[in-house]
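S.K.: Before I ask anything, here is the structure I am working with.
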Amino acid sequence: MLAVPSLVVLVSLAQPAQEVWAHLWRTQLLELIGNTLALLAGVGAGTLVVGTGLAWLVVAYRFPGRGVLEWALVLPVAMPAYVIGFAFLGLFDFAGPVQGALRRWLGDGVRLPEIRSYWGVVVLMTLVFYPYVYLLARAGIARELDVPALSRGDFPELRQFGVGLDESTPLWYYVLREAQVMANGLTLGPVGGRIVGEVFIGLLQLDRDSYLSQRGWRPTLPTRSGRVTGDFRMVDFLAFARVDPAHRGR
């Protein structure tokens, strides 16, 4: 029964009424084709940028509310597109509550861009269809990052609390447990190491006085050999700070 409307349309295309097609060609067909192609381009670009960007955000970063956002971003799939369209139009149209409130607060001259326009349709359809790109991109990004994760079995001590901590573990505890399970407590694991590494990289990139912002900068600290060679590696930095395995007795 669900396929009947589509089949009727396909059958009608096999036996078109010549006068109908001729009338459409003279009046609206070219405009409709142009609008369709423009929407395909606009919505395609919008869903690609929004869906992929949000997928990268929830996969590559950890922040408060990430677990809720990760699944909330899929909610548009649960509602038919035409329902979202009517709701969007009712909320943001000139007579809707949003613009009405803005006029009351900021004056009668305040008005949002026209909702019943090409860009209004592009924004709406992007917000409706981005979850499909988001779901595909999220899975692909997670595979590309290839970050191994701990399982529920790695948190037996949390089960006794009976509130799901072994399934939704606080990040600080996860990082400590990961280091214990994967590196016997000697080093950080993949997730903890990535977080610390990205923090250091971000600080260096944002600090105008960091060596990344100094042209022609060369290291001035001595290497493990005690000489200043201008070739200072991470292992030399650890030895200088006396936190390398040799200084720690390992």
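S.K.: Hey, rough spin-label estimate for Val68 and Thr220, points 7 angstrom out along Cα→Cβ, what's it come to in nanometres?
M.R.: 4.9
S.K.: Also, I was wondering about something else. What are the ³J(HN,Hα) couplings of the stretch 116-129, residue after residue, when phi is run through the Karplus curve with 6.51, -1.76, 1.60 and θ = phi - 60°? Round to Hz, x for glycine and proline.
M.R.: 7, 9, 4, 5, x, 5, 4, 4, 4, 5, 5, 5, 7, 9
S.K.: Please sort 210-216, 57-63 by packing, taking for each peptide the average over its residues of neighbouring beta carbons within 10 angstrom, highest first.
M.R.: 57-63, 210-216
S.K.: Ordered by residue, what ³J(HN,Hα) values in Hz, to whole numbers, does the stretch 57-71 give under the Karplus form 6.51 cos²θ - 1.76 cosθ + 1.60, where θ = phi - 60° and Gly and Pro are x?
M.R.: Per-residue couplings from phi come out as 4, 7, 8, 8, 10, 10, 8, x, x, 4, x, 5, 4, 4, 9 Hz.
S.K.: Separate question: Find how much the distance from Leu24 to Ser12 grows on full extension, using 0.36 nm per residue of separation minus their present alpha carbon separation; answer in nm with one decimal.
M.R.: 2.8 nm
S.K.: Subtract the Cα-Cα distance of Leu176 and Ala78 from 0.36 nm times their separation in residues, and report this length gain in nm to one decimal. Could the numbers behind the result be given before it?
M.R.: Numbers: separation 98, 0.36 × 98 = 35.28 nm, distance 3.73 nm.
Separation in residues times 0.36 nm, less the Cα-Cα distance, equals 31.6 nm.
S.K.: Rounded, prolate or oblate: which fits the stretch 24-146, taking a ≥ b ≥ c as square roots of the Cα gyration tensor eigenvalues, rounded meaning a/c under 1.5, else prolate when a/b beats b/c?
M.R.: Verdict is oblate for the stretch 24-146.
S.K.: Taking 0.36 nm per intervening residue step and subtracting the Cα-Cα distance, what contour gain separates Leu106 from Leu39 on full extension?
M.R.: Numbers: separation 67, 0.36 × 67 = 24.12 nm, distance 3.32 nm.
Result: 20.8 nm gained on full extension.
Bear in mind that the values in this text are calculations on the coordinates, not laboratory data. Please read these numbers as outputs of a predicted model, since none were measured by experiment. Because the Cβ atoms are built from the backbone with ideal geometry, glycine has one as well, and the counts that use them run over all protein chains shown.
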